[in-house]
1. Using 7 Å Cα-to-Cβ label points, what is the residue 40/residue 23 separation (nm, one decimal)?
2. For a label point 7 Å from the Cα of residue 82 along Cα→C-beta, name the residues of the range 55-75 whose backbone N is under 11 Å from it.
3. Using a Förster distance of 30 Å, how high is the FRET efficiency between residue 71 and residue 95, based on the Cβ-Cβ distance and rounded to 0.05?
4. Rounded to the nearest 0.05, what FRET efficiency do residue 33 and residue 64 have when you use their Cβ-Cβ distance and R0 = 41 Å?
5. Determine the principal axes of the Cα atoms in the range 11-123, then give the extent along each, sorted from largest to smallest and rounded to whole angstroms.
């Protein structure tokens, strides 16, 4: 008891129970303040993360849009090249057929011409 009284006097006249309660309240205040600071920092980081996420979404959309345009252009170019190639092949085929027809006519003309010249020689 004497020790408690000495302790109470040396601590400013407050009894140990009051000191213990005020220490707990101070601990609670510090814990509350600390929790609020942590919550504030969390909200700031979350806000930064949200902003970064929005920026990433925008970049992705821009990159995707560019890729879609590029793919569309390449597809159209390939289709155009294919049409041109098909037309070239058609023209080449028609030209080859026409050359074949002319060659056949020339051969027929030569054979008819040869036959006529033989007939003329035979008639003389």
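1. Distance between the two pseudo-spin positions: 2.9 nm.
2. So the set is 75.
3. 0.25
4. It comes to 0.35.
5. In descending order, the Cα extents are 161, 17, 11 Å.
Quick note: the coordinates plus some simple rules give every number you see, no bench work behind them. A quick note: this is a predicted structure, and the numbers were derived from the prediction, not measured. FYI the Cβ positions are ideal-geometry reconstructions off the backbone, even for glycines, and counts take in every protein chain you see.
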